1. Search the stretch 520-544 for residues that are within 30 Å of Arg604 (Cα to Cα) and pair each with any residue that is among the acidic types (Asp, Glu) when their beta-carbon atoms are under 8 Å apart and the residues are at least 6 apart or on different chains.
2. Take Val152 and tell me if it is over 28 Å from Thr401 (Cβ atoms), buried (at least 19 other Cβ atoms within 10 Å of the Cβ) and of a type outside the set (Asp, Glu).
3. Among the candidates Gly238, Gly232, single out the residue that is under 36 Å from the mean Cα position of the chain (by Cα) and assigned by TED's automatic domain parsing to the domain that holds Asp120.
4. Determine which member of the set Val709, Val693, Val665 is modelled with pLDDT of 80 or more and over 34 Å from the mean Cα position of the chain (by Cα).
5. Can you find even one residue in the stretch 40-47 that is in contact with a Phe, Trp or Tyr (Cβ under 9 Å, 6 or more places away or on another chain), part of a helix (DSSP H, G or I) and at pLDDT 85 or above?
6. Before we move on, is Ala267 in the same structural domain as Gly752 (by TED's automatic domain parsing), of a type outside the set (S, T, N, Q) and modelled with pLDDT of 90 or more?
7. Can you give me the ranges of the helices (runs of 4 or more DSSP H) entirely in the stretch 275-386 with at least 3 residues that are assigned by TED's automatic domain parsing to the domain that holds Val408, modelled with pLDDT of 80 or more and crowded, with 20+ Cβ neighbours inside 10 Å?
8. Can you pull out the residues in the stretch 582-598 that are touching a residue at least 40 places away in the same chain (Cβ under 8 Å) and either farther than 14 Å from Gly624 by Cα or in contact with a Gly (Cβ under 9 Å, 6 or more places away or on another chain) (or both)?
Amino acid sequence: MGSLSGRRARAHAWLLTAAALTSAATAFVLCGLATTAGEHADAEVSRGLGASPAREAALRISATTQLDDEVAEAEELSAEAEALGLLVTRSVRAEGGRYLTASYPALRELATLSTGRWGDGDGEATMPDAAARRLGVSAGDRLAIGTTVVTVAGTWHADDPADPRWFGDPAITSGAEAGAVGPVVVTERTLAGVSDRRTSSWTVTTPPHAGRTQLSAWTTEVPALVAAAEDGTVDVDGGLGRRVASVARADASVTATSAVCLVLVAAIGALASWFVVGALRQARSRESAVLRARGGSRLQLLRWHGVDALAAGAVGLLVGVVASTAAAGRPGWTSVVTAAVITGAVSLARAWPPASPSTTPRSSGTRTAPATVGGAVLVAAAALAALRVAWASDVVVVDSTGRVATDVVGVLAPALVLVATGLVLVALARPLLGAAARLAARASDRLALVLSLRLAGRRARTQAAMSVLVALVTGCVLTSATADASSDALVARTRAMAVGADVRVGFDVPPLLDRQNPAIDPTPYGALPGVTSVRTAVEAAVRVADVPTTLLAVSSPLEAGGDAAPAAAAGGAVRIAVTTRLARTLDLEPGDQVEVLVQAAAARFPGAVSRVSDSLPGLSGDSGMVADQQDVEAALSERDVQLAPNTVLLGSSDPTTTAGAVPAVVQRPYSVTAATAPAPVSETRWQEPWRWVALAAVLVGSLGLAAVVVGGARRSRREAAVLRALGATSAERLRALLGEAGFAVVLGAIAGLVGSAAVMVTVIPSLAHALVARGAPDVGLTLTVDGSTLAWSVVCLAMAAVGIGAGSAQVLRSRPLQALSEEDR
């Protein structure tokens, strides 16, 4: 008995250590996940709000300077913007003439002096370095602007030409805009003497350090400000309202991803802790029976089972929080409380004594009825959640006021689906295992296989526990390895499709040629660094059977794989490629003929559908058509209409460098989009949470699986003794009992694979969809696997499985001592 007591003491110590490790690992992952998820949130929101193109990150309210009512209305709107915490930068520009003349009161905040000094007095001027080089002037020279002569006091360069406060002014870098050189910056009084045609502008931008708190308010207030400005007499330009909505959706998607990951980690931690504390309670079952026999109360039994589990959990919680703080930074109180609740609630629930102290076992039906009902409810909830998320196709909810929130059902769906899949496959496998055992008994003489199948079919609860845990671990690893890579791939593909080339330069000009809108010269773009090809295109609003859409007429047609489109179809019809969305709206198929109305030209051309695709390169939305520019011009009903290219598509070996060099040659209001341009929220913000989930699956899941094996070891040893009495050899007994565990692991792995597949086609696309701006090309389902995450997770889990298997074999080989008696159950 001394040896037996020693064995019990060692087992109890090991289980207490396992409980502490499980609590520590759960707390570490939960706190680390929550900390990294919110660590750079404000910085990412600030970057997304101010990212290029500048005209999409600002709102410009313009009024004719001489009209007091327009100016008063614009000033009232700018005051409202300032009250919302937005920045307002005022400027005045003179229209017409050889020079672009302006007044920038905030110039010193936006630029740095290169030569000379700042011109503060009337009759003094400063200008960008590029404009000074174009004019061949320097500090001290005199410049005649109409009838006004000014002295050049100095030259300057913009600190950041992409700053939204410049509103994408091409002259800031190139020194010219639409043929006018400048801007020649003078005082407002000097500007009044230069021209009677002046426009006052108030450029509204977000402050440089805006965070999620301000974003939450701006999602409703900025669109209201834009609507109020559009309803007035002032001119409104810029996409600040759309940018705020886009960043809010992306940030909400990241928040939803983090919440999904937190729920998955909490589920793994709770399930693993349940099995660890259960094994700890089973190790003390004999002492508990003695305490009951001596009249111990339920409170005494609760203390007997729960105090040591809670103590081990508290120590583990402290260790996990300290380790997380050292690795990821100080965690938020919510993650610490969540870890503490999991540890405390699971320990108390598993330690809670039964209502009756009787040791008479309950009937199988009594034991399984509540579990069956609970499992059925969980499976139904998982199915409904997955269907709802798939139907909504978005886990970000936007209400009528524009406020963005996270769908709670979408957050819970992955964990529900993975656990429910394990339960369903376990329920389906039980009769199949019984049938397989009978078949094996008739067709095979391998006793170990038959015994394994019979044990796996009879021990349904143990099989279900192990299989569900393996399903959750396997599903989390597969989902983690797919989710982050798939989201990244979806954003990259959408970005590339919207660009249509490596770099897209769009101009704020009408799609027709006239004196006020001369043709764009694409020649300078060929000299930009990294450029390999230059193509011009016309993006114009068109109608087909009264359905509004977009036409992209390209000088060298964009087709899949870069192939040129075929020549015009027979009968003079222009071959057009259309998006799937437009084809469904108009019920089009390849070969159909349509009449396309170019609205700006009030002219039509016949089109023949040559291809239907979910998305077309170059289109900025998911509804439109692509055609050859020359074919379109030749087929227009009005022959004297000439289309004006308002888009330049650049092929580049280095898109980032090329996009950065575009402002040096562009001379019109523009926007630049590169295929590698950053998304509204950095990719790492939605990749990092999934890696924490994989870590939780490896660490916490392995501990829970080990607890299941340890918890079933005593009963397995009793069954080994029974098998020995029936004549099974030692090797057969070992293979039979290990085979039983192997069936549970295989079944759980299959369930995890099926569950993760369900999550990937329902929840993951919905999470990634919110990262893509509304109106972006629909690239369909995108699934990609992160090989590194999958590889290290599989290796770690395989090592854990080998360790658990070796330990189980050692336990099962040991001689069934007196502890295997009925009294010890």
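1. Val544/Glu595
2. Judged against the criteria, Val152 is a match.
3. On inspection, the qualifying residue turns out to be Gly238.
4. Unique residue meeting the criteria: Val665.
5. Taking every residue of the stretch 40-47 in turn, none turns out to be in contact with a Phe, Trp or Tyr (Cβ under 9 Å, 6 or more places away or on another chain), part of a helix (DSSP H, G or I) and at pLDDT 85 or above.
6. yes
7. Ranges flagged: 298-328, 333-351.
8. Hits for the stretch 582-598 are Leu582, Val594, Glu595, Val596.
The values are calculated or read from the model by the stated rules, or taken from the named source; none is laboratory data. This is a predicted model, so every value here is computed, not measured. Cβ: placed from backbone, ideal geometry, glycine included. Neighbour counts: every protein chain shown.
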